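The values are calculated or read from the model by the stated rules, or taken from the named source; none is laboratory data. Since this is a predicted model, take the numbers as computed values, not measurements. Note: ideal-geometry Cβ built from the backbone for every residue, glycine included; neighbour counts use all protein chains shown. Accessible surface areas use protein heavy atoms only, side chains included; no ligands, DNA or RNA. Shrake-Rupley method; radii C 1.70, N 1.55, O 1.52, S 1.80 Å.
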Amino acid sequence: MSHSLIHRPRRLRRTAAIRRMVRETLVQPADLIYPLFVVPGENIRKPVTSMPGVAQLSVDQAIHAARHARELELGGIILFGIPEVKDPTGTDARNPGGIIQQAIRRIKTELPDLYVMADTCYCEYTDHGHCGILTAAHAAAMHRDVDNDATLEILGQAAVSYGEAGVDMVAPSGMMDGMVAAIRQALDHNGHSGLPILSYAVKYASAYYGPFREAAESSPAFGDRRTYQMDPANRREAMREAELDVAEGADMLMVKPGLAYLDVLRELRDRLQHPLAVYNVSGEYAMVKAAAALGWIDEERVVLENMTAFKRAGADLILTYHALDVARLLHNGGTGDP
Ligand code: PBG
Ligand code: ZN
């Protein structure tokens, strides 16, 4: 016998057709940005153990991956360069013939319509693995830290050289104070006023970056990144970081990592009008892959649910190692039903 309930939300969940009609959040290939790790050499595909399906690629191989990204109509790709030689100031990052500049040039030549971003940070290029130049060595070597303002100078130089190579967007990820303003100024003074900046504005000092550091060979040789990346406990500070980057001229902002910081993403969405990106980081990817390999979760459904959660929380763009898989799923008649 049926009660005369007026409100029955289940009426709108009875079939796939009605669920599709009232679905509030959709994931599209154009929302996805695929990260690539580029290394010197030819014909190299060196798998990253803690990130099944991800490999370090020589430029020729990166072009194959980039072609897939294009064919699947992703939003774009983001490049990370791992140079042959690392040194204290990360020279290769601002070398016109450096690894990332070569990758940008060749990918943009082969695939001019593919949107190519470049992570703009020094940890992959320095021999100590920190995100910039270090302060002078003190008697107590433990106190060496990243020199903020000296790093701004070389960040601007790196960004300009990526611009010269033909990149479509630079994405500074080093959490230096004033990095957006410094990069904006360097770009503008060198004929790149049209090149946008996606700032990793809100980047936490997270254990979820572990597998990435294997992929990018960028673990700090000493200490950690807590003097520049944010304390995971802080939400208000994230608002301040974001406001500063907006004031400095960031075109888009990023929150990183993703899953553990959806509250921060939502709050930024409610406060700002800028497009927002989220980074579904290496540790998040590794956890999904590991559980899926053990048969403990349904990978496709979990991944689609995570992507939907990022968009529901307010992301316009998702940087994710799952990008090709998700796009394939969506193209193969995926309903987006997570
Ligand atoms: C470099 C950088 C990192 C990531 C993106 N850019 C690592 C770090 O800060 O140590 C992490 C990405 C990931 O974990 O997938 N600053
Ligand atoms: Zn860095």
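What the table below lists for this structure:
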{"item": "Linear extension gain, His64 paired with Gln157, 0.36 nm per residue minus alpha-carbon span", "result": "30.6 nm"}
{"item": "Average accessible area per residue (Å²) across region 24-331 - probe 1.4 Å, nucleic acids and ligands excluded", "result": "41"}
{"item": "Set of lysines with alpha-carbon distance to Lys311 below 22 Å, sequence-local pairs under 8 removed", "result": "Lys203, Lys256, Lys289"}
{"item": "Fraction of accessible area attributable to carbon and sulfur, the chain (%, probe 1.4 Å)", "result": "51"}
{"item": "Ala247-Glu164 FRET efficiency (beta carbon distance; Förster radius 35 Å; 0.05 resolution)", "result": "0.80"}
{"item": "Other-chain or far-sequence residues with amide H under 5 Å of Ala201's (modelled H)", "result": "Met254"}
{"item": "Whole-Å distance, taken between Cα centres, linking region 57-99 and region 1-41", "result": "33"}
{"item": "Per-bin percent of Cα-Cα distances, the chain [10 Å]", "result": "6, 25, 35, 23, 8, 3, 1, 0, 0"}
{"item": "Spin-label model distance (nm) - Arg235 vs Glu71, 7 Å beyond Cα toward Cβ", "result": "4.5"}
{"item": "The chain: angle of helix 59-71 to the longest principal axis, Cα-based, in degrees nearest 10", "result": "30"}
{"item": "Cα-based helix-to-principal-axis angle, 262-271 vs the chain, degrees rounded to 10", "result": "90"}
{"item": "Region 2-72: trypsin sites (Lys or Arg not before Pro) in DSSP coil with no more than 11 other Cβ atoms inside 10 Å", "result": "Arg14"}
{"item": "Karplus (6.51, -1.76, 1.60) ³J(HN,Hα), θ = phi - 60°, over region 181-196, in Hz, Gly and Pro reported as x", "result": "4, 5, 5, 4, 5, 4, 5, 5, 6, 10, x, 10, 5, x, 8, x"}
{"item": "Nearest 10 degrees, 0 to 90: helix 99-110 Cα axis against the chain principal axis", "result": "50"}
{"item": "Antiparallel bridge percentage (DSSP; both residues within the chain; nearest 5)", "result": "10"}
{"item": "Efficiency of FRET between Ala291 and Thr227 - r from beta-carbon atoms, R0 25 angstrom, step 0.05", "result": "0.15"}
{"item": "Two-site FRET efficiency, Glu217 against Asn332, from Cβ-Cβ distance with R₀ of 35 Å, rounded to 0.05", "result": "0.50"}
{"item": "Computed helical MRE - 222 nm, the chain, DSSP H runs ≥ 4 contributing -39500 (n - 2.57), nearest 500", "result": "-11500 deg cm²/dmol"}
{"item": "Extension gain, Asn190 back to Asp149 (0.36 nm per residue minus Cα-Cα distance, nm)", "result": "12.8 nm"}
